């Protein structure tokens, strides 16, 4: 184990995050992650101020590998769900490090339209070769922007909440909830937005790769994945731009 701890010291930022992610997945799917290796790699990541703000929030509360095991076991019951969750949680940080930028704190905005378009394009690239994965990526794209909007407004939510629950909170904060409008056409359009978000979550559960499949399950085709990814991308940009406009307006009003 001394060799393993020494190995951790030799890893660069990207390699360390990849190592930590991969070993979390190993533990979450029935294998092991040595407690000392977990503690050391976690501490190096948390202490690295250039990237620590991009780490999943739940890492702060799970200081030992046993605490992580209790957390992930309670959150998801299947191995694939656990894998998909962990991959999604580290995606922003790994994508950032992979781009070659070594000081994310110096960026004006980390979570911006460029980043969202990048995630959207990656999902589109998978739609033909890996339609199931593309559908899951579409769902993750929507979830990412919903959680970002809630986090940025300091609105609390359950980490394991489904898309419709997250969207309901975001819709209230952005005045997008149908019940907040009296005009029929607005209620109809915003009700349709709610249906799209709910449908994407259901489509991912039915056709995505986050759950085990029986022999009778329908395998998604290109048209299924293309629909899911394009809907998710359009919804993500709409929500992000709506929030950005609201935020800018609130800042102007507070400065006047």
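The values are calculated or read from the model by the stated rules, or taken from the named source; none is laboratory data. All values reported here derive from a predicted model rather than from experimental measurement. Every residue, glycine among them, receives a Cβ derived from its backbone with ideal geometry; neighbour counts consider all protein chains shown.
Given the residues 42, 63, which is the only one that is part of a loop (DSSP other than H, G, I, E, B), out of contact with any strand residue (DSSP E or B) (no Cβ under 6 Å at 6 or more places or on another chain) and at pLDDT 90 or above? Answer to the check: 63. Inclusion of residue 24 among residues that are assigned to a helix (DSSP H, G or I), touching a helix residue (DSSP H, G or I) at 6+ places or on another chain (Cβ under 9 Å) and either at pLDDT below 95 or buried (at least 17 other Cβ atoms within 10 Å of the Cβ) (or both) is warranted.
Count of the range 74-93 residues, restricted to those that are more than 27 Å from residue 115 (Cα to Cα), touching a residue at least 60 places away in the same chain (Cβ under 8 Å) and part of a helix (DSSP H, G or I), is 1. Remark: residue 146 matches the filter, which requires a residue to be crowded, with 17+ Cβ neighbours inside 10 Å and within 14 Å of the chain's Cα centre (by Cα).
For the range 111-178, the helices (runs of 4 or more DSSP H) that sit wholly inside it and include 1 or more residues that are at pLDDT below 85 are 113-126, 131-152.
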